[in-house]
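Contents: one structure, followed by commentary.
The values are calculated or read from the model by the stated rules, or taken from the named source; none is laboratory data. Just so it is clear, the model here is predicted, and its values are computed rather than measured. Every residue, glycine as well, gets a Cβ built from its backbone with ideal geometry; the counts of neighbours run over all protein chains shown. Only protein heavy atoms, including side chains, enter the accessible area calculation; ligands, DNA and RNA are left aside. Shrake-Rupley method; radii C 1.70, N 1.55, O 1.52, S 1.80 Å.
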Amino acid sequence: MLIEAGFDIAFDCPAQTPMLLQLNVHPSREPDLLTADQIRSDPSVPQSAYVDLFGNRVTRLDVPPGHVTFSNRFTIADSGEADPTPPDSPLTPISALPDATLLYLTSSRYCDSDKLSDFAWAHFGKIAGGAARVQAICDFVHDTIRFSYPDARPTRCASDSLDEGVGVCRDFAHLAIALCRCMNVPARYATGYLGDIGVPPDPAPMDFSAWFEAYLEGRWYSFDARHNRPRIGRVVMGYGRDAADVPLTTAFGVATLARFEVVTRALSQQGMVNPAA
């Protein structure tokens, strides 16, 4: 399957403003790119890039005063298969986990698992098997949180989501991650593109999506507490402990959002839009 994805995002800046953009696909998906994954700016602004501590590609630039638009369109190859389901085997002991997974067992800015440990063990402690435990957490979060764009706020952490019972996709991910960490399952935040491929079209405007990955059976598996079903066509942009590690944009000054449009759609092998997607 071929997927076309991209965005048009604009800001109004009253003064020159340094910015960081985490809007490229994750380096692990770069071999699948069929066209350039290049951020263009209008007006044109010099850019540089680096890879951060979590392996994400970050763009640096100084935006001049006025209106600036960042845009991108690329085509990427995808397997066209739904998220793989892990076998329900016993949970890997912490002593046997790779060193690199251990930071995904502790509390972070939005995944305050230290506040949720008693709750998690009371609700999920009797569930045997790593995958079954993670799926039970996803089922709980999916049934507990009501999705609502108007109720989104940038300061909501996992314990807030549990108390308030409302949020957007990042809140679903944060609560599920925090509960997984309470249960000794390494879990990391993921953000990227997720189009309406293989599911009924969503009438709401397209947005970037957030989900999470759990480390089971020696590898990372995708889970999505918001949709709570395997999906086709995830294109990851960034990984981190939570959303604080993968902000789409960071402005060191005033930058007022003026436009935000995201595109994700399946293409046929000839490059035509697939009407069945």
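Out of everything in segment 30-48 that is open to solvent by less than 90 Å² (accessible area, probe 1.4 Å) and without any contact (Cβ under 8 Å) to a residue 24 or more places away in the chain, what residue ends up being farthest from Gly253 (Cα to Cα)? Going through the qualifying residues, I end up with Glu30. Scanning segment 79-138 for residues that are part of a loop (DSSP other than H, G, I, E, B), open to solvent by 80 Å² or more (accessible area, probe 1.4 Å), touching a residue at least 60 places away in the same chain (Cβ under 8 Å) and more than 24 Å from Pro230 (Cα to Cα) yields a single hit, Arg109.
Of all residues in segment 148-166 being outside any loop (DSSP other than H, G, I, E, B) and touching a strand residue (DSSP E or B) at 6+ places or on another chain (Cβ under 7 Å), which is most open to solvent (accessible area, probe 1.4 Å)? Restricting to residues being outside any loop (DSSP other than H, G, I, E, B) and touching a strand residue (DSSP E or B) at 6+ places or on another chain (Cβ under 7 Å), the top hit is Asp151. Tell me, yes or no, whether segment 201-208 has at least one residue that is of a type in the set (A, V, I, L, M, F, W, C), crowded, with 24+ Cβ neighbours inside 10 Å, assigned by the TED database to the domain that holds Ala128 and closer than 15 Å to Ala243 by Cβ. The answer is no; no qualifying residue exists.
The condition of being at positive phi, open to solvent by 20 Å² or more (accessible area, probe 1.4 Å), in the same structural domain as Ala176 (by the TED database) and more than 15 Å from the chain's Cα centre (by Cα) holds for only one of Gly218, Gly253, that being Gly218.
Of all residues in segment 60-78, exactly one satisfies the criterion of being assigned to a loop (DSSP other than H, G, I, E, B) and within 19 Å of the chain's Cα centre (by Cα), namely Asp78. Residue-level check: of (1) of a type outside the set (Val, Ile, Thr); (2) surrounded by 23 or more Cβ atoms within 10 Å (Cβ to Cβ); (3) part of a strand (DSSP E or B), Arg259 misses just (2). Of Val199, Val166, all but one fail to be touching a helix residue (DSSP H, G or I) at 6+ places or on another chain (Cβ under 7 Å) and either of a type in the set (S, T, N, Q) or in contact (Cβ under 8 Å) with a residue 12 or more places away in the chain (or both); the exception is Val166.
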